[in-house]
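The values are calculated or read from the model by the stated rules, or taken from the named source; none is laboratory data. These numbers were taken from a predicted model, which means no experiment stands behind them. Cβ sites come from the backbone with ideal geometry, for glycine too, and all protein chains shown count toward neighbours.
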Amino acid sequence: MIESKKLKFIRSYVNKDGETRYLAVKEDDSIWWYAPNYPWNKNKIDGLPNNYEVKHIAAFVKGGTDTRYIVVLSDNSIWWYAPGYEWKESSKEGLPSGNIISFEAFSKPNGDTRYIVLMESGEAFWYAPGYPWNKIKMDGMS
(Lines give C-alpha, C1' and ligand atoms only; values in the text may rest on other atoms or scores of the structure.)
Protein backbone atom coordinates (compact mmCIF):
# COMPACT_ATOMS: atom_id res chain seq x y z
CA MET A 1 0.00 0.00 0.00
CA ILE A 2 1.19 3.51 -0.72
CA GLU A 3 0.50 6.31 1.74
CA SER A 4 -0.13 9.81 0.39
CA LYS A 5 1.71 11.47 3.28
CA LYS A 6 4.88 9.75 2.08
CA LEU A 7 4.58 10.93 -1.52
CA LYS A 8 7.11 13.26 -3.08
CA PHE A 9 5.35 13.47 -6.49
CA ILE A 10 2.23 12.14 -8.15
CA ARG A 11 1.40 12.38 -11.85
CA SER A 12 -1.41 11.08 -14.03
CA TYR A 13 -1.72 10.16 -17.67
CA VAL A 14 -4.28 8.47 -19.92
CA ASN A 15 -3.50 5.13 -21.59
CA LYS A 16 -4.48 4.05 -25.13
CA ASP A 17 -7.90 2.91 -23.90
CA GLY A 18 -8.67 6.27 -22.29
CA GLU A 19 -8.13 4.93 -18.77
CA THR A 20 -6.40 7.02 -16.14
CA ARG A 21 -3.08 5.81 -14.74
CA TYR A 22 -1.06 7.24 -11.86
CA LEU A 23 2.67 7.44 -11.26
CA ALA A 24 4.08 8.36 -7.86
CA VAL A 25 7.45 8.83 -6.22
CA LYS A 26 7.67 8.25 -2.49
CA GLU A 27 10.01 10.15 -0.16
CA ASP A 28 12.47 7.22 -0.38
CA ASP A 29 12.57 7.81 -4.19
CA SER A 30 10.86 4.50 -4.97
CA ILE A 31 8.66 4.78 -8.06
CA TRP A 32 5.12 3.35 -8.07
CA TRP A 33 2.30 3.01 -10.63
CA TYR A 34 -1.40 2.47 -10.25
CA ALA A 35 -4.32 1.46 -12.43
CA PRO A 36 -7.89 1.64 -11.10
CA ASN A 37 -9.12 -1.68 -9.69
CA TYR A 38 -5.51 -2.83 -9.10
CA PRO A 39 -3.16 -2.26 -6.17
CA TRP A 40 -0.20 0.14 -6.34
CA ASN A 41 2.85 -1.58 -7.85
CA LYS A 42 6.49 -0.72 -7.28
CA ASN A 43 8.21 0.10 -10.55
CA LYS A 44 11.47 -1.49 -11.63
CA ILE A 45 14.55 0.71 -11.25
CA ASP A 46 16.97 -1.50 -13.22
CA GLY A 47 19.38 0.76 -15.11
CA LEU A 48 19.09 3.79 -12.80
CA PRO A 49 22.32 4.73 -10.99
CA ASN A 50 22.79 3.65 -7.37
CA ASN A 51 21.61 6.12 -4.74
CA TYR A 52 19.55 8.10 -7.25
CA GLU A 53 17.25 10.92 -6.11
CA VAL A 54 14.25 11.91 -8.24
CA LYS A 55 13.98 15.67 -8.77
CA HIS A 56 11.26 15.73 -11.51
CA ILE A 57 9.06 13.05 -13.07
CA ALA A 58 6.74 12.91 -16.09
CA ALA A 59 4.56 10.19 -17.62
CA PHE A 60 2.83 9.93 -20.98
CA VAL A 61 1.70 7.50 -23.65
CA LYS A 62 3.87 7.55 -26.77
CA GLY A 63 2.13 7.09 -30.08
CA GLY A 64 -1.11 6.13 -28.37
CA THR A 65 0.11 2.77 -27.04
CA ASP A 66 3.49 2.80 -25.28
CA THR A 67 3.86 4.18 -21.76
CA ARG A 68 6.95 6.25 -20.95
CA TYR A 69 8.25 7.56 -17.64
CA ILE A 70 10.92 10.25 -17.61
CA VAL A 71 12.86 11.38 -14.53
CA VAL A 72 15.36 14.11 -13.84
CA LEU A 73 17.68 13.06 -11.04
CA SER A 74 19.34 15.33 -8.48
CA ASP A 75 22.52 15.43 -10.61
CA ASN A 76 20.37 16.81 -13.50
CA SER A 77 20.75 13.62 -15.54
CA ILE A 78 17.61 12.64 -17.47
CA TRP A 79 16.41 9.03 -17.72
CA TRP A 80 13.51 7.35 -19.56
CA TYR A 81 11.68 4.09 -19.02
CA ALA A 82 9.36 1.87 -21.05
CA PRO A 83 7.64 -0.95 -19.12
CA GLY A 84 9.41 -4.26 -19.64
CA TYR A 85 12.80 -2.60 -20.27
CA GLU A 86 15.56 -1.02 -18.19
CA TRP A 87 15.88 2.71 -17.54
CA LYS A 88 18.08 4.45 -20.13
CA GLU A 89 19.86 7.79 -19.88
CA SER A 90 18.76 10.48 -22.34
CA SER A 91 21.25 12.60 -24.24
CA LYS A 92 22.16 16.01 -22.87
CA GLU A 93 24.03 17.05 -26.03
CA GLY A 94 23.43 20.77 -26.54
CA LEU A 95 21.99 21.30 -23.06
CA PRO A 96 24.20 23.57 -20.96
CA SER A 97 25.31 22.37 -17.57
CA GLY A 98 23.36 23.81 -14.70
CA ASN A 99 20.36 23.22 -12.54
CA ILE A 100 17.10 22.07 -14.17
CA ILE A 101 14.30 23.78 -12.25
CA SER A 102 11.31 22.70 -14.36
CA PHE A 103 10.76 19.69 -16.61
CA GLU A 104 7.99 18.35 -18.83
CA ALA A 105 7.78 15.48 -21.33
CA PHE A 106 5.08 14.58 -23.83
CA SER A 107 4.30 12.75 -27.05
CA LYS A 108 3.17 14.60 -30.15
CA PRO A 109 0.15 13.20 -32.04
CA ASN A 110 2.54 11.51 -34.52
CA GLY A 111 4.28 9.70 -31.61
CA ASP A 112 7.42 11.87 -31.47
CA THR A 113 8.70 12.43 -27.93
CA ARG A 114 9.59 15.89 -26.65
CA TYR A 115 11.18 17.14 -23.42
CA ILE A 116 11.09 20.75 -22.23
CA VAL A 117 13.37 22.12 -19.49
CA LEU A 118 13.77 25.44 -17.75
CA MET A 119 17.27 26.03 -16.45
CA GLU A 120 18.11 28.03 -13.34
CA SER A 121 19.71 30.57 -15.71
CA GLY A 122 16.22 31.32 -17.08
CA GLU A 123 16.96 29.69 -20.43
CA ALA A 124 14.51 27.11 -21.79
CA PHE A 125 15.33 24.17 -24.09
CA TRP A 126 13.48 21.44 -25.96
CA TYR A 127 14.66 17.98 -26.97
CA ALA A 128 13.68 15.28 -29.45
CA PRO A 129 15.44 11.89 -29.11
CA GLY A 130 18.16 11.51 -31.72
CA TYR A 131 18.79 15.26 -31.94
CA PRO A 132 20.68 17.75 -29.75
CA TRP A 133 18.85 20.02 -27.32
CA ASN A 134 17.60 23.30 -28.81
CA LYS A 135 17.28 26.65 -27.05
CA ILE A 136 13.74 28.06 -27.07
CA LYS A 137 13.71 31.60 -28.40
CA MET A 138 12.27 34.13 -26.00
CA ASP A 139 11.93 36.94 -28.59
CA GLY A 140 8.95 39.14 -27.81
CA MET A 141 8.57 37.99 -24.21
CA SER A 142 9.00 40.93 -21.87
- [ ] Take region 74-105 and flag every residue that is more than 13 Å from the chain's Cα centre (by Cα) and basic (Lys, Arg).
- [x] Lys92
TODO: Please work out which one of (1) closer than 18 Å to Leu7 by Cβ; (2) touching a residue at least 24 places away in the same chain (Cβ under 8 Å) is the condition Tyr81 fails and give its number.
DONE: (1)
Task: Filter pass, Ile70 being without any contact (Cβ under 8 Å) to a residue 24 or more places away in the chain, part of a strand (DSSP E or B) and not small (Gly, Ala, Ser) - done: no
- [ ] Specify which of the listed residues (Pro132, Pro109) is assigned to a loop (DSSP other than H, G, I, E, B), in contact (Cβ under 8 Å) with a residue 24 or more places away in the chain and either touching a Pro at 6+ places or on another chain (Cβ under 8 Å) or more than 22 Å from Phe9 (Cα to Cα) (or both).
- [x] Pro132
Task: One residue from Gly84, Gly47 being modelled with pLDDT of 95 or more and part of a loop (DSSP other than H, G, I, E, B) - done: Gly47
TODO: Taking Phe125 as the residue in question, decide whether it is closer than 30 Å to Ala35 by Cβ and in contact (Cβ under 8 Å) with a residue 24 or more places away in the chain.
DONE: no
Open item on the list: Given the options Asp75, Asp29, name the one that is in a loop (DSSP other than H, G, I, E, B) and buried (at least 16 other Cβ atoms within 10 Å of the Cβ).
Closed with: Asp29
Task: The lone exception for Ile116 - which of (1) in a loop (DSSP other than H, G, I, E, B); (2) more than 18 Å from Ser74 (Cβ to Cβ); (3) of a type outside the set (Gly, Ala, Ser) it fails - done: (1)
Open item on the list: Please count how many residues of region 60-72 are surrounded by fewer than 16 Cβ atoms within 10 Å (Cβ to Cβ) and either at pLDDT 95 or above or touching an Asp or Glu at 6+ places or on another chain (Cβ under 7 Å) (or both).
Closed with: 0
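Just to check your reading of the model, which residue among Ser91, Ser77, Ser107, Ser102 is under 22 Å from Ile136 (Cβ atoms) and at pLDDT below 95? Before the answer, list the steps.
Numbers: Ser91 fails: at pLDDT below 95; Ser77 fails: at pLDDT below 95; Ser102 fails: at pLDDT below 95.
Just a single option satisfies the conditions, and that option is Ser107.
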- [ ] Under 8 Å between Cβ atoms, at least 6 apart or on separate chains: pull out the pairs that start in region 90-102 with a residue that is surrounded by 13 or more Cβ atoms within 10 Å (Cβ to Cβ) and end on any residue that is basic (Lys, Arg).
- [x] Ile100/Lys55
